[in-house]
Every structure is written in structure tokens, then in C-alpha cells.
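*Asks:* Mind looking over this structure? Questions follow.
The values are calculated or read from the model by the stated rules, or taken from the named source; none is laboratory data. All figures in this text were calculated on a predicted structure; none of them were measured in a lab. Cβ: placed from backbone, ideal geometry, glycine included. Neighbour counts: every protein chain shown. For accessibility, only protein heavy atoms count, side chains too; no ligands or nucleic acids. Shrake-Rupley method; radii C 1.70, N 1.55, O 1.52, S 1.80 Å.
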Amino acid sequence: MKKISLFALIIVSVIVFITGCEKKLNLVNPNAPTTTGYWVTEKQAFDGSTAMYSAFTVDGTYMRSFPGLTDSRGDDFVGDSPWADLVLTGKFIIPSTSGPVQWIWRDHYIVINRANQVIEGVGKMDASILSDDKKNRILGQAYFLRGLSYYNLATTFKFAPILTTPEFDRNPGNYPATATEEVLWNQVFTDLQAAELNLPISYDNVVGPDKGQKGRATKGSAAGLLGKSYLYRKDYAKAALQFEKFITGPLQGIYSLMPNYRDNFKEGVAFENNSESLFEIQFAPGGSTDNWCCEPNSGWRQWTSVSITYGMDGKAFSDYLPTRWIYNEFKLEPTITGKSDPRLLATIASYEPADNSITAYGGTWTNPLTNIYPRKYTNDGLGPAFEAFGGSFINYRVMRYADVLLGYAEVLNELNRTAEAYPFIQQVRTRATLPNLATVKPNMNQAQMRDQLAHERALEFSIEGQRINDIIRWGWLYNATKLAELKLHDTDFTSWTPGNEYLPIPQTELDLNKNLLPNGAN
Amino acid sequence: MRLTCQPVLKSTVHCLLFILLLIIANTTSAQTSRNFKGVITNEKGEPVPGVTVELKGSKITAVTDASGAFSIQANEGATIVVTSVGYTAHQFILRGENLQSLTLSSSAQNLDQVVVVAYGTQRKKDITGAVAVVNVAEAKKYSTSDVAQLLQGRASGVQVNSDGQPGATPSVRIRGFGTFGNAQPLYVIDGVQVGTVVRDFSPNDIESIQVLKDASAAALYGSAAANGVVIITTKQGRKNSPLKVEYNGYYGIDKVWQIMPVTNRANYQLLNNEARVNAGRALAPGNNPASPKYITAIDTDWQKEGLKTGNRQNHNLSLSGGGEYNTYNISLDYFDNNGTYVGNGPTYTRYSARVNSSVEKGIFKIGENILYAHSNENLLTPTTGNDLAGALPPLINTLVFAIPTLGIYDPARDGGYAGTLSTVEDVISMNGIGLNSILKNYTDVDRIFANVYGEVQLLKSNGHSLRYRLNVSYDKTQARDYGFKPSFDLGYFFQSPIAKLNDNSRVFTTGLIENTLNYQKNFDRHGVEVLVGQTYQKSTSLFRNGYAEGFTKPYYPVLGGGGATSTDASGAFIEYAKASYLARINYNFDDRYLITASARRDASSRFTSSERVGYFPSIALGWRLTNEKFIDLPKNIVTDIKLRASYGKLGNDNIGDYQYQSVLNPGVVYTFNGVRYVGAIQTNLVDEKIKWEDRTSSNIGLDAVLLNGSFDFSAEYYNNKTIDVLVGVPIPLLYGSLNDRPTVNAATLRNTGLEFSATYHKSKGDFTYDISANLSTVKNEVLSLGANKEPIYGVGSITRVGTEVGQHYGFVYEGIFQNAAEITAHAFQNIQTAPGDIKFKDISGPDGKPDNVINDLDRDVLGSGIPKYHYGLTFSAAYKNFDFSLFGSGSAKFLIYARLYRDLMHTGGSANYRDDMLNRWTPTNTNTTIPRLNELDPNNNGRISNRPDWLQSGNYLRLNTLSLGYNFRSGLIKGMSKARVYVTAQNLYTFQKYKGYNPDFTSGVFNPGYDDGSYPKPRTIMGGIQLSF
């Protein structure tokens, strides 16, 4: 009997214990908020808006590879690296399996995904939680960042699929299909129009936690990039309307050229987010985990490795070199005081005793005296004795007011208003202390003005990720005379074959997504 | 020492019985009962203490004392059973003699051997599932820090791969690739599930190892058992035995014997110059005889400079014994292994202490096992991190890749070690010696593993037996991961002007409580055993990461140390819980028909509530043919034959926690106006409906004992099918998920295979020997990969439906272009393709047929990365006082993608060259399969393909241990019962064609044939001593 009661006691205690167990299996992740029930507070809306921008500071966006692989395809820049991808890109024979090519694709779509999350999540927030004013600002930024991403994809890959929601369809048959070039650009226009509509001119006087937050996209960012997009697509009438907003319209007087050209490529509050800047990517010190890619954390760094990639032999990796052609192009026209164009020494590190420039990184010029290296976006002359790994925080300027001026000039020329183009070009030339174009080259016809603008753009925007885009949109690669010139500028163009001016669609994406089309570079 | 005895059914002639009679009244029998005394000795006449002697059909037991003597109350003619876990059990009939001396003679295998199985023990002859018993005594001759390594080549169907650095954790796979996730088996030590890492347990403490391979054997571990279960039992004290003191120790030296043939300075410069000239680039100044920077004085042999002689030692002291009601065992262990790389790592040191004891009185029994272990592992400096750009191979390969024109030291650089310059060498080459000397990385681990159990005999009458057991265990591991990077400058790409410290800690706990009831009843010819139980387990993982940077010299490298300009903290906390019920019935009819049915129900926190519960049933049948009356085979030829078959289901929830929950990343940083803001957004896509992986396992086996027990043979066939395999199925990058492979239940896998094991034992006079061998085959097939059937790509590999996991995948080599005409005639490869480049086969195009263009559509399957056969061979012999053993193991029929080899056969890049490169194509050396050098490699000759030597045969046979020992006679020193000295050569030689280090490297699941660079297994020569008092 005793044994039985002991047995019963144990059985009962076991049953009591067991029934308690299953409830203990509902474990809540204590490390992060779950998506269910998110997007319900104002703070969440602003946190989301901040998180979108972060994806522009990684390798495949503005931290390294996107500027590098874009610059290297221009006739002003060549790869000089033991890392073959960087050289092959400039030669237009980069394989579709290249890592950096894939990162550019990947990281731009990460921005797009985050913008889509914000558009969906913030878009359905009630005015009682988030005022319309704040909501519009946040949505405007999402549209802008998405538009900028599609703009970069269109200029880099020619065409690509469009995603406008964060929804994920697991069925491979429904994977997003390639949008035509036309449709892709229309998405750029739509996004930038929505952005321009919703964004404030400045955050200085807004009401909300974003007050004073320089670096967020503004109405000017959207209006300018939209104008440039129309220009790229040769819709000159619409481009003119956009650029005129800066000249005579609501954005008049908001922007101006910095007196010193080099200030556009320096770090520090005096130079970053300056009066010439329509939009720039913010890099800043702090943090411990490198921001090449992958899962961010609160200790993430935000450094740019463009500087150490571009910087000269002995001071940095020197993965790229300017071409001798662009160097000579700068030397074609002296300033009004008979010196070299000041943009030469802001763009290229070169030993120039005649211009009182014989140092590198604040010290003796140690390389062969005839060598030339990139200086734009490096810290050469800005303090450091060499490019420290993880030690550069120069904001990347996505669009400057000079682009508005030269863009408007180009639009006017294309609209057969060539004479009207002179003053806008001259603003840019005057900052470079070059003589009056109307005096030096008066009464140019449309074709002559095109060549002049090409020259002006080459000098103003060299090593700013623009040159290959200009070459493509002007059709030079398919014009035998121009192609021959390009080959003289940069022998890399001898291995160009039609279609290869773009980066190939990443092979892994083509493998996975049967709705995706290869482009001419695949 | 082999503690075995001839079974009674053979003959009593060999086992002379002397019994001392002592009469005690027996209430249940009219027969007179008396006290029988006996002495158990081994073949050499030495007494064997600690052997359990049980009167058959009762609970009356006795244990031999230090002189091997026992006494037991029994009736004349009763049968006693002599058992001991890990050894063999035997029956004797008590006859009229006064004193019995039972001589135990060795036997290869024995049917009455007791084997530890899930939640209990079973006689080997009653086992119906697939259970492999490891010969622990032989296995322990291999020196290792990790118990799991002992399984290599010792059990059929168990594949062990590992690298050769101190503290290396091997990868163990049982019966092939059944999952895409963590495929390590479950380890159960003394009845407690301890997860998938057992490095903290000293091999010296192990008494027995069993591997449960099929669903029937493993089903009681349900959702944790899909990858198989390894059951380890540690040494326990024995009842009624005086204190026994044992010492085991060895010391050995380690040396890397595989030296890669790489070019010296002159040849390196020749090849590098040729590569640059062919690419139209100027020579690197350091390699240019015309340059003032031309290097002639440096010709570093990195392997000679960077590899050193390592050493290892192990000392173990154990004290054990027991009284009438109790047992105890205390063991202290020290293991130390200094690696073979010059600099701070790798090394591994472990101190451990184990205590266990048990007490029983009346119906109660309680006991405990407690382990404390402390280890320190100096890791070989990792090659990822803030200051090391790019995807670098493991540091061991750096000694092979480093260019000979780079010196080792440079006092002018921060840190004192040399590095390359873009203006001199113009290559990115890592000074591995420098990096491994400057950076300090170690992991300290403290582990406490405590297990307490209690048993109550609730019922014992009329042949009924009912026992309740409560098992409670707690396992806590605390690890500190320390990494300090002083400021350093190793040149181009490898530099940090800022001193940085990572000081992280990980704390893992697991609590387990198990309630089981065990009922047994034997009646007539029936034997029934029923087990029911309930368990609850909870685990937590805590990660705390501290970071500081900007330390100034002299360094105080702790988080609060002087001068740190910036600090950062992060961390995470993870919980996991599982609640389960289990049940098993064993039924035995007349020792002829055996049935085992078992089931487990698990509910796991790793899945959403609707997918949480899994059921894992199994059934197994056994038939002992030789016990049938109608089968009449001569017992001295066919001693025993058993046929068995099993079918059942197992699960796998080993996928990480919270995987079904979509979360936001609350740490997404950006800066506005110079101020750092932390945003939040969803960065990863997840599948919220993930559920268990289910493995259905069928097993058919034959166990045969032949020639009176001298030949033992087992054969099995298995067919395992895993459905709902959780796999990270790649999704297009355009979905913007940082994790572009969210985990889903997508795949179905099947593994089939045959396993054979055989042991032959022969004894003749002073000479005895054992030969044992095992062989297993694995055939893997992917039956589905989800709805889209989209292949999964690994490094040079493809996993797709209808074939095995991770086949090599790439371009097909067709030869070398010898002239421009051949290039024109061939499909277009690249505008700069030139003579000396590789010709790749035009296989397909956008329309599915050859399109005269070589692009990614021309990739094809190039071979298998999974070995088809694994085998192990052991020969052991003893003659008089000498003993000898030889153990080899190997695998066959697979191809390896050797990163080490390919990186040395580069055309551009930043490494030294293998000597083979001297035979590259040049206009004057055209009869070769090695393409021309061109730094830019425009034809992409280095692409993943099957060009000669790009895939290498992985077949190998390694001589793992060769050991020779000498046993001194007992009593040489007063009180000493045993003294043995031995020498062992470990990893003596590997027969291989493979041009990398280890053909049994560890690898990722989707590229099993990809050797990213594994640490070479050193050759070890060691000497040891074993003493017991």
C-alpha cells in the first residue's frame, strides 16, 4: 500500500509538472521588435526614414564600388590594381560573376526595399499619429531615394526590374521581370516627381525630430535629379522646366557655387552639405563594425573607402589612375592669371612646380615626378600623411549645382537656344578663373557648343561617376569618329564591344530569376 | 586489457569453477542455498577487479575485489552472469566445487555484451536497431583534444573530417547528408544530451561509445536525433573494490610533413614579370632588374620560416572504487597542444576534473556526474576583420602564398614585421608570421556539467519490476573571446594605425529534467520492458560584446584600459525550450523474436505555435535464426545469426532560434548634420511557417557471430529520406533582403548506403591478434528543392534535383589554344583571348543549344564532391609482454576543388606560384595543359572548370596510428597492478594524390568538395606510460 501511494504521488507530481511545460514554449525574441504591430508611432516612422539612407553607405553604393566601377569606365580613368575586377571593368570585359558588379546591384535594391517599406508602413499611418506634414517629408525622402536607386541602376545596367512594394512573392514564376529601359526611366521620373512634391526646401525650420538634419533629401535634390534624368533621356523641354526652377523658379537663390572648387570634396561641416550641394551621402567617424555590407548594428562605422582605393602609390592602394588625356585636357586652357585650371590640382595629384604644388599628402612627392594620381575624394593635402584604413569620411556629392548650370546650358543648346547657354557655362568657368567663353569662343553653333559642353563637363565632373554616363547618352560609342577619339583618350576603349558600356546583370541573379533579361554586357 | 570470458554454451572446460559452499535459507525455494566464492582472472592469470557478478533471474549481485575475488549466495546449479559495461557478459553454472577460478579469455565480440542505448542498456544480441559500438580501447590510442575525433574510421557509416590545428573541432556525419543545416550528431553523455560539441570532455574518461544510426535506435531522442546520436558513457567506480589509482600520460612532438613546392625568388620574379608583360603592364619595380628597387637579397622560404615543431602532452590521474552500497570515481586531466605555426597560435590547453559517485540502499539509488573543464585556445589569427580586406584564405595558406621577395622583419614598420609596397613588390601579400605574432586572439572556456539522478524501485514482486527515475542536469559553458590588435603596419591592405580590442563573452546554459518509468516483466518465454517518460529542456545563450579602440602605447589592453578613445557594446540573448514525452516497448519472445517500438513527441520553441509539435515513432523487428529449432547449424561454425529491420521517423530542429519571426533591425545607423542617428527597418525576409525536418529511416541488418565467436560480422542497408529539409533557398538579390537565403522547408533528400563491419580474433599460445575492418557507402540524392527546383550554388558547385548535394560545377576544359586560327575557329571567349589560353567547351546558349559564345550557360556538372566509400582498418596484436596496433582509414571516389592549389596556379593575383607553373604555356613550351601567364587573365583561365588539376582525386588512406607497447609484469613495484609503456606514431603518412593538405578537410554543406584551406594534420611521434595501483 505504501508503495502504491508513493507511486501515485509521483504520477500526480509528474502530471502537474508536464502541464506547465508547453506554455513555456512561447518565447518572445528579446533582441529586436517584430514586424507585427510595427509602423504605429512617429518615432518608428523617423527611424525607418533614417535606415533607408544607411544602405547608401555600403560597398555596392557610395562607399567604394559604385563610384569606382563607374569612374573606371570613363575615358578619364583607368584601373591599375592587382584586383583584376577593377581593371577589367574599365576595359569593358568584366565577367558577370564579378563580386563588385553584384554588390552594386544588391545594395541599390536594398535601398529600394527599405524605401518600399517606408512608403508602405508610413503611408498608411493615421494623421493622429503622424502629421501630414511629417508624413509627406518622410514619404518624399523614400520616393527620392528609390528614384535615385533606379536612376543608378538605369545608368549602370541599362534596364532592371522595378519593385514598388516590400512584398515578397516566393513563387519563382512571379519573380520581378526586367522592365524596359523606357519603363525604368518612367519610374525614375514618377518617383522624383513625387519626391519633389513632398519634400521641403530645407529642414532648418521644419517641425519635428528631423529639424536641422542636413543631409536629408530636399525639394532641390529631387528637382535637380529629375532635370538631369530628363536630360539623360533627351526630354529637353521637361528638363528645361526643371532646371528653370533653380534659375527663376521656387528654388532660385537656394543654391550657389562654392568659391573654392576643392571645397566640394572635403570633409567637415564647413564643406559638407554646402550651398552647391543638392544631395550627398554622409560619411562620418565612429563605430566599430565595418560598413562594407551586411547586417548593420548600432556600432556600425560609416567610413568611405573611395579615398584609400583612389589615393596614390605609397599613400594608398592606387587602384585607379587618371588618364593622360584628362590631364592634358585641363592644361588646354590657362586661367586668366596664366595658371593651370585650379580644378586640375583638385582632381589630379600631379607634380606642378609652376603652380606651386610639389607635395603629396603634406610631404615630399615620393613618386616619379611625371606620375599622376587621382586627388578628388582623397585626403591628399587635407591633413593626413596617408590614407588610413577606415579613416576617411568625405561625403560623396551625388549632385552639385554646377550640374544644374551645365545641364541647363546643354538643354538650351539642344533647344536651339545656343546663345543663351553661355552665361550658365560661364558661371562654372568663372569659379575656375577661366576667361569669358563669350569672348574666347563667341557665336558657337549647336555642334560646336556640344563639343564645348563635353569639354566643360569633363573638367568639372571628372572622377565624379559621370563621364561614362555622358559618353553613353551622347552616343559616342556608336559614332566611329568619337569612338576613335575615345580610344586615343584611353586605350581601355579598344576592348569595348557594343553593349559592354554597361555593367553585366549579375550572373547569380540571372541564374535565379528566369524573368530577368541579360543586357548587352552579359 | 580485454575482460572477456568464454560463454557457457561453448564449454566449461576452459572455465574451471571452484565454489566454496555456504548455506543460506531461501524463502522461495526448497533447495539449499549457500555462499559460492570465486576469483576472476584474465588470460595472463592476473586478477580482474570490479566485475559485476549477478545471479540470473534475481537481483542478487556481487562485485570482484582487488584480488578478483567475489562471493555470492546461490543454489547449486544456478547460473551467474558476469557483466561489465563496455566489456562482455558471460554466464557460468555454479557446481559443487568449493572454489571457482574463472579465467577470462579474450573474445572478439560477444552476444551478451551490454550496450548503452537511449534511456537504458540492452544486451547486444537483443538490439534491433542500427547501433555501432566503438572499440574505445583501440580508439583512445589516437591523441586528440576532441572525443568526436575518435570516431574516425572506427564505426561504419560514421564520417569524421577535421583540420589539424590544436583544438580543432571535427565535423561528424552519420549516414551522409541528411540536412542542409547543422549535420553534427547529438551527443549524449551519461544519459544527458549535451549538444553537438564535446571538446570539453577528456577522451581518457570514456568507458564506452555507441553510435545510434537508425530511427529505431535514436527515436527516443526525437527531434534532436535526425543526424544520429553518439552515446558516451564515462568511467564509473565499481562496488566492493578498494581504491584504484591510475595514471596515463604521454608526450609527443608534432611536425607538418606536407610541404608545398613553391617557387623561389628567381622563379617567382620570372613568372610575375611574364604575367605582367603579357598583360601589357610595366614590371613591378621589385621584380625589374632595371629598377633600383629590384629585389635580389630576399628569398624567403615561408614554409621553412613559419612552420615549427609543435608538441602535445596529456596527463590523467584517476581514483576509483566503491563499497557495498556506493561507488566513486575522480579523475583529473591535463591536455596541452602547441601548434606548428610560428607566432601566437594555434595552441590548445585543457584542464578538467570529473567526479561521479552513486549510493544505493533498499529501493533507492542516487548518483551524480560532475565535470568542470577549463580550456584556453589560442586561435590561429583569423583572416577576416576590420583591417584585413578581401576574402582571404585561412592563415595557414599564407605561408604558401606569401611571395619570396617579401622579408619577414622590418623594424621600420609599426609592429616590426615586413609588408609589401605598391611601389616595390606591387602585390598584396600577407606576412602570416607577422600577423600571427602581432595579433592576439584566444578563447577561454569554462564548463560545468552536473547531472544528478535518483531511482526508486516502486514495485518488485512476482517478476514485475517498476522503477522510477528522475534525472536532472545543468550544463553551463562560459567562453571569453579575446582579440587584441595593436596598431600595426604589414603593408598594402594590411594595416591599422589604431589599436583595437574585442573582448566578448558567450554564456550557454542548458537545464534538463527527465522523469521516466521503467517496467519489466519476464514470464515463460516472454520478456517485456516498457519505458515511458517526460522531459523538459531549456537553453539560453547570452552574447556580450565589448569593443574599444584607440589604445596608446604602452598598451593596457582591457576594455577600460588606458587611452581608448572609443568604446562600443553589443549583445544578444536567446532562449530555447523543448517539452517532450517518450515511450518504448521492448518485447522478446523466446530469444527468437524481438520487437522494439518507440515514440517521442516534441514541442519546440523554435517554431510558431501551429507548427510546434512533432511526433517521432519507430518500430523494429529482430529474428534470431539460430535459436529456431528447425535451423540446425553447427554452433562452432555458425554461432549466432540475427536478422533485423527497422522503420521510423526522426526530426531536426537544429536551425537556430526565432527563425520564424520577422524582426526589425533596430541598429541601422546614419549621420545627419554630423550627428549619429540609429534607425530601424526590416533587413531580412523570413518564412514564418517553417516546421520540423522529418527524416524517415529504414534499416535492414544482419548480425552474425561465426566460428565460436572468433568472427563477428554485421551488414546493414539503410534508406533515409528527409522531407521538409530546412534550407536557405536563395532568393533574388532584388528583394533587398540582407539574408538572401531565407530558411524554408524546401528540400527532400535521400541517403542510401551499405555498411559492413567485421572482426576476426585469433589466439594461439602467447600470440593473439585482432583484425577489424569497416566499410560504408553513401549515395545521396536530392529529390526536391521546393516548388521552384532552383539549384543551389556553392563555391564551384551546384545542388539540384535528381543528383547528389554539391556536385562540382563549371566550365569544361577542351585544351589550349595554340594559334590564332584555333581561336577564330572556336566559340568566342574573349576579345583578348590569345594562344596559350584555355579552350572551353561550348555547351549551350540562350536557346538551349551551343551558340558559339562561351558564357555562363556553358557550365556543366564536373564530378562529385562526396566520397562514395569510407573505410577503416585496425590490426592489433599481442605477443607475450608486447602489444602492437595499426589503424588506418580513408575515403574514395570523390573530387576536390583545392583552393590552395588553384590560388598557387594563378595568372595574376598576389601570391607565389606552385612549381608546376614553370611548365606553363609559352610560345616555346606548347605541349602543356597549363595556360599562359597574363596578369589580367582576360580569357579567365582561372575560372571554375575541370582543367587538369583544377579538380583532384580525393582518394586517400591515412595511417592514423601505429603503436607499440610493452607491459611490465604485475607487482614489479609493490602494489602496482599494471605498467605499460608505449610509443605511437600518429598521422604517419597519407597515401593521396591530392595536392593540398587534408583530403578529409571540413567544408560547407553545399560545396562538400571545396577545400578552402585546412590546417595540415601534423605527424606526431609520442611516448606514453600507463600505470595502475
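*Asks:* What is the magnitude of the charge dipole of chain B about its Cα centre, with +1 placed on the Cβ of each Lys and Arg, -1 on the Cβ of each Asp and Glu, and no other charges, expressed in debye to the nearest 20?
*Replies:* With Lys and Arg at +1 and Asp and Glu at -1, about 2380 debye.
*Asks:* Tell me the angle of helix B:265-278 to the major Cα principal axis of chain B, expressed in degrees between 0 and 90 and rounded to the nearest ten.
*Replies:* The two axes meet at around 60 degrees.
*Asks:* With angles folded into 0 to 90 degrees, how steeply does helix A:42-54 sit against the dominant principal axis of chain A? Use alpha carbons for both and round to 10.
*Replies:* 50
*Asks:* Considering only Cα-Cα distances, which of the following residue pairs are longer than 23 Å: A:331/A:376; B:235/B:880; B:642/B:779; A:135/A:211? Display every interim value, and only then the final one.
*Replies:* Numbers: A:331/A:376 17 Å; B:235/B:880 28 Å; B:642/B:779 26 Å; A:135/A:211 14 Å.
From the list (A:331/A:376; B:235/B:880; B:642/B:779; A:135/A:211), the Cα-Cα distance tops 23 Å for B:235/B:880; B:642/B:779.
*Asks:* Here's something else I'd like to know. Sum up the charges of everything whose Cβ sits under 13 Å from the Cβ of residue B:282, counting Lys and Arg as +1 and Asp and Glu as -1, but leave residue B:282 out.
*Replies:* Values: positive: B:276, B:281, B:293; negative: A:80, A:313, B:426, B:935.
Result for the neighbourhood of residue B:282: -1.
*Asks:* Just to make sure I understand: if all protein chains stay in place, what is the order of A:256, A:307 by accessible area at 1.4 Å, largest first?
*Replies:* Numbers: A:256 55, A:307 0 Å².
Most to least solvent-accessible, the answer reads A:256, A:307.
*Asks:* What does the charge count near residue B:73 come to, summing +1 for each Lys or Arg and -1 for each Asp or Glu among other residues with Cβ under 11 Å from its Cβ?
*Replies:* Surrounding charge for residue B:73 is +2.
*Asks:* Please report Rg over Rh for chain A, where both radii come from the alpha carbon positions and Rh follows the Kirkwood definition.
*Replies:* On the way: Rg = 26.5 Å, Rh = 24.8 Å.
Reported Rg/Rh, Kirkwood definition of Rh: 1.07.
*Asks:* Amide H to amide H under 5 Å from residue A:279: which residues, 5+ apart in sequence or cross-chain, H placed 1.01 Å off N in plane?
*Replies:* For residue A:279, whose amide H was placed from the backbone, the distant partners under 5 Å are A:398, A:399.
*Asks:* While we're here: Would you kindly derive the ³J(HN,Hα) couplings of region B:498-506 from the backbone phi angles with the Karplus curve 6.51 cos²θ - 1.76 cosθ + 1.60 (θ = phi - 60°), listing them in order in whole Hz, with x for Gly and Pro?
*Replies:* Residue by residue, region B:498-506 yields 10, 7, 10, 10, 10, 10, 10, 9, 10 Hz.
*Asks:* Just to check, using Stokes-Einstein with a Kirkwood Rh over alpha carbon pairs, what's the diffusion coefficient of region B:875-951 at 37 °C and 0.692 mPa s in µm²/s?
*Replies:* Details: Rh = 15.7 Å.
Result for D is 209 µm²/s.
*Asks:* Another one. Under a cut-off of 19 Å between alpha-carbon atoms, report the aspartates and glutamates in cross-link reach of residue A:219, not counting same-chain residues fewer than 8 places apart.
*Replies:* Straight-distance partners of residue A:219: A:132, A:133, A:191, A:196, A:204, A:210, A:244, A:272, A:276, A:280, A:403.
*Asks:* Roughly what angle does helix A:236-247 make with the longest principal axis of chain A, taking Cα atoms, 0 to 90 degrees, to the nearest 10?
*Replies:* Helix A:236-247 sits at roughly 90 degrees to that axis.
*Asks:* Cα extents of region B:709-760 along the three principal axes, largest first, in whole Å?
*Replies:* Per principal axis, max minus min of the Cα coordinates gives 65, 17, 11 Å.
*Asks:* Something else now. For chain B, what is the mean residue ellipticity at 222 nm derived from helices alone (per DSSP H run of n ≥ 4: -39500 (n - 2.57); sum divided by total residues; nearest 500 deg cm²/dmol)?
*Replies:* Taken over chain B, the calculation gives -1000 deg cm²/dmol.
*Asks:* Once the dipole of the protein assembly as shown is set up with Lys and Arg at +1 and Asp and Glu at -1 on Cβ about the Cα centre, which of A:306, B:931, B:73 lies farthest towards its positive end?
*Replies:* The Cα lying farthest towards the positive end belongs to B:73.
*Asks:* Next up: Which value, in Å² rounded to 10, gives the accessible area of residue B:676 with a 1.4 Å probe and all protein chains present?
*Replies:* About 80 Å², ignoring ligands and nucleic acids.
*Asks:* Taking the Cα centre as origin and putting +1 on Lys and Arg beta-carbons and -1 on Asp and Glu beta-carbons, what dipole magnitude results for the protein assembly as shown, to the nearest 20 debye?
*Replies:* Details: 147 positive and 144 negative charges, 973 e Å.
Dipole size: approximately 4680 debye.
*Asks:* Something else: Taking every pair of alpha-carbon atoms in region A:380-459, give the share separated by more than 16 Å as a whole percent. Walk me through the numbers on the way to the answer.
*Replies:* On the way: 1784 of 3160 pairs.
Beyond 16 Å sits 56 percent of the P(r) for region A:380-459.
*Asks:* Testing the spin-label approximation: label points 7 Å from Cα along Cα→Cβ at residue B:360 and residue B:637. State their distance in nm.
*Replies:* Those two pseudo-labels are separated by 4.3 nm.
*Asks:* How much accessible surface area, in Å² rounded to 10, belongs to the heavy atoms of residue B:1005 with a 1.4 Å probe?
*Replies:* Around 20 Å² of this residue is reachable by solvent.
*Asks:* Could you give the dipole magnitude of region B:916-1029 about its Cα centre, charging the beta-carbon of Lys and Arg +1 and that of Asp and Glu -1, in debye to the nearest 20?
*Replies:* 760
*Asks:* To continue, here is another question. 5 Å is the cut-off here: which amide hydrogens, built 1.01 Å from N in the peptide plane, fall below it relative to residue B:932, excluding neighbours closer than 5 in sequence?
*Replies:* B:837, B:921
*Asks:* Bins of 10 Å, beginning at zero and ending with the bin holding the largest distance: percent of Cα pairs per bin for region A:334-403, please.
*Replies:* 17, 46, 30, 7, 0
*Asks:* While we're here: Under a 1.4 angstrom probe, counting protein chains only, how are A:450, B:800, B:969 ranked by accessible area, largest first?
*Replies:* On the way: A:450 105, B:800 80, B:969 155 Å².
The most accessible residue leads, giving B:969, A:450, B:800.
*Asks:* Given the C-alpha atoms of the protein assembly as shown, compute the convex hull and give its volume per residue in Å³.
*Replies:* Values: hull volume 291.2 nm³, N = 1551.
Spelled out: Cα convex hull of the protein assembly as shown, divided by residues, is 188 Å³.
*Asks:* Do any of B:500/B:691; B:140/B:255; B:141/B:993 go past 32 Å between their Cα atoms, and which?
*Replies:* Values: B:500/B:691 42 Å; B:140/B:255 21 Å; B:141/B:993 27 Å.
Checking Cα-Cα distances, B:500/B:691 exceed 32 Å.
*Asks:* For peptide A:175-188, compute the average count of partner chain beta-carbon atoms within 10 Å of each residue's beta-carbon.
*Replies:* Working: counts 6, 3, 0, 0, 0, 0, 0, 0, 0, 0, 0, 0, 0, 0.
For peptide A:175-188, the averaged partner shielding equals 1.
*Asks:* Right, here's the next one. Non-local amide H neighbours of residue A:58 (under 5 Å, H modeled in plane, Pro and chain starts lacking H): which ones?
*Replies:* Sorted by chain and number, the residues that satisfy this are A:63.
*Asks:* Note down the relative contact order for chain B as a percent, whole number, built from C-alpha pairs under 8 angstrom at least six residues apart. Walk me through the numbers on the way to the answer.
*Replies:* Values: 3016 pairs, mean separation 107.2, N = 1029.
Dividing the mean separation by the residue count of chain B yields 10 percent.
*Asks:* Let me know the volume per residue of the alpha-carbon convex hull for chain B, in Å³.
*Replies:* Measuring per residue, one finds 198 Å³ for the Cα hull of chain B.
*Asks:* Using θ = phi - 60° and the Karplus form 6.51 cos²θ - 1.76 cosθ + 1.60, what ³J(HN,Hα) does each residue of region A:426-438 get, whole Hz, x for Gly and Pro?
*Replies:* Once rounded to whole Hz, the list reads 5, 4, 5, 5, 4, 4, 8, 6, 8, x, 5, 5, 5.
*Asks:* Next question, about the same structure. Within region B:645-731, which chymotrypsin sites (Phe, Trp or Tyr not before Pro) sit in a loop by DSSP and count at most 10 neighbouring Cβ atoms inside 10 Å? Mind dumping the intermediate values first?
*Replies:* Numbers: sites: B:647, B:658, B:660, B:670, B:672, B:677, B:692, B:711, B:713, B:717, B:718; in loops: B:658, B:660, B:692.
Those that pass, being in a loop and sparsely packed, number zero.
*Asks:* Ranked from the most accessible area to the least, with a 1.4 Å probe and all protein chains present, what is the order of B:756, B:991?
*Replies:* Working: B:756 75, B:991 110 Å².
I get B:991, B:756, largest accessible area first.
*Asks:* Residue-wise, which Karplus ³J(HN,Hα) couplings in Hz belong to region B:1024-1029, taking 6.51 cos²θ - 1.76 cosθ + 1.60, θ = phi - 60°, and x for glycine or proline?
*Replies:* Ordered by residue, 3J(HN,Hα) equals x, 9, 10, 10, 9, 10 Hz.
*Asks:* Please report the accessible area of residue B:360 (heavy atoms, 1.4 Å probe, ligands and nucleic acids excluded) in Å², nearest 10.
*Replies:* Rounded to the nearest 10, that gives 60 Å².
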